[in-house]
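Everything below concerns the one structure shown next.
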Amino acid sequence: MSEININPSTSEDSEYVRQQLIAYNATHVSEELRHRYEELNFNIKNETGEIVAGVLSTLCWNWLEVDILWVDSEQRDRGYGSQLLLEVERIAREKSCDFVMLNTFSYQAPEFYKKHGYQLITTIENAPTGHSHYYFKKDLT
């Protein structure tokens, strides 16, 4: 058997691998969904122009995935997180997505997502050590 060399990837190498998987996946997805991939990122700034809250999300095929929803700790309880979440849900509905999915940790915001109608799909205990990692889904159809 020949020796296998595992090498650290450059950003270009990583992008190549990503594009190869995207191309492979496209062969298993209907034509109408095949090219549905769009980043949907928004933020809220205060009066001095500083970002105090933001959401990073991705529309992929027939769903939207919230990757990051963040609100500055001093700006919480002002509805910023709710406004951002409702905006990505609005866009997901507008673009005919079937559901929104996301993950959060026990020390972050599981109750916030439950309050917004998200259903717990699964929990991974002790990830990170001493905490839980939750996966949520909200059906839009």
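The values are calculated or read from the model by the stated rules, or taken from the named source; none is laboratory data. This is a predicted model, so every value here is computed, not measured. A quick note on method: Cβ atoms are made from the backbone with ideal geometry, for glycine too, and the neighbour counts reach across all protein chains shown. Surface areas here come from the heavy atoms of the whole protein model, side chains and all, with no ligands, DNA or RNA. Shrake-Rupley method; radii C 1.70, N 1.55, O 1.52, S 1.80 Å.
Take the Cα of LEU86, step 7 Å toward its Cβ, do the same at ALA127, and the gap between the two points is 3.2 nm. The fraction of accessible area contributed by carbon and sulfur in the chain is 50 percent, rounded to a whole number (1.4 Å probe; ligands and nucleic acids excluded).
Beyond 22 Å between alpha-carbons counts as too far, so tell me which of LYS95/LYS138; LYS95/LYS115; LYS115/LYS137; LYS45/LYS114 fall in that bin. Listed pairs above 22 Å: LYS95/LYS115; LYS45/LYS114. Output the 0 to 90 degree angle, nearest 10, between the alpha-carbon long axis of helix 11-26 and the longest principal axis computed from the alpha carbons of the chain. The helix 11-26 is inclined about 90 degrees to the chain. Taking every DSSP helix (H) stretch of at least 4 residues in the chain, weighting each as -39,500 (n - 2.57) and dividing the sum by the residue count yields a mean residue ellipticity at 222 nm of -8500 deg cm²/dmol. The loop-placed GluC sites (Glu not before Pro) in the range 13-65, going by DSSP, that have at most 16 neighbouring Cβ atoms within 10 Å of their Cβ come out as GLU47, GLU50.
Between the Cα long axis of helix 80-94 and the first principal axis of the chain there is an angle of about 50°, rounded to the nearest 10.
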